Amino acid sequence: MTWRQVALASLALIIAFGVRWWWPTERAPASLPSLPDPRFDYTLENFSARFSNDAGELELLVSGPVLVHDSASRTATLQQPRFHFEPGGNDWIGRADQAHFARAEDLLRLEGNVHISKALPLGATVLTAELLQHDRRARTISSDQPVEIRRPGTWLRAGGLRMKLDEDHIELFNDVHAQLQTAR
């Protein structure tokens, strides 16, 4: 065999492999093995969490005996929660029958016998409702259901409220009723 024959055979092989490389195939792509579902449900006992804002300042403490996570809805339910909004700031402390954390929306929904209070020099301000929602992004607490606020000498009832935590401001709306005692 001469060097020309070897060169022609090598060239023919290179052309054959090149054409085969570019030629479309009818084969199905190799399937990947199925991986386990990374979503899972879990239950935590004696749960407590600390939430901070972007500046690293503590803005919410939450605790409760049992937290149950549902992977399908991406919601965690906390039984008998205790919470503290704005520790060292506005200092609203409270409890409820249940709390639901919506992870995608950064919301804390408090349900059933919701009771929050703030100690003041003239007496505590106590807010009660069946439903309150805390939005960490907007820094508000709101409800579109009846609420009641009590202070020494003052009683307020309304169909809803919006509390702005940064401004320590409460706005009542829908059928507001009040009873005030005058000082003697």
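The values are calculated or read from the model by the stated rules, or taken from the named source; none is laboratory data. Values in this document were obtained by computation on a predicted structure and should not be read as measured data. Positions of Cβ are generated from backbone atoms using ideal geometry, with glycine treated the same way; all protein chains shown enter the neighbour counts.
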Within the stretch 64-122, residues of a type in the set (S, T, N, Q), closer than 23 Å to Asp166 by Cα and modelled with pLDDT of 85 or more come out as Ser117
In the stretch 97-108, residues that are in a strand (DSSP E or B) and surrounded by fewer than 18 Cβ atoms within 10 Å (Cβ to Cβ) total 4
Residues in the stretch 145-173 that are buried (at least 17 other Cβ atoms within 10 Å of the Cβ) and of a type in the set (Gly, Ala, Ser) total 2
Q) Is there a residue in the stretch 47-60 that is more than 23 Å from Leu107 (Cβ to Cβ) and modelled with pLDDT of 70 or more? A) no
Counted residues in the stretch 146-178 being under 29 Å from the mean Cα position of the chain (by Cα) and in a loop (DSSP other than H, G, I, E, B) come to 7
Selection from the stretch 110-132 of residues farther than 14 Å from His84 by Cα, surrounded by 14 or more Cβ atoms within 10 Å (Cβ to Cβ) and not hydrophobic (A, V, I, L, M, F, W, C) yields Glu111, Thr125, Thr128, Glu130
Condition set modelled with pLDDT under 65 and of a type in the set (A, V, I, L, M, F, W, C), scope the stretch 1-42, selection nearest to Ser73 (Cα to Cα): answer is Leu35
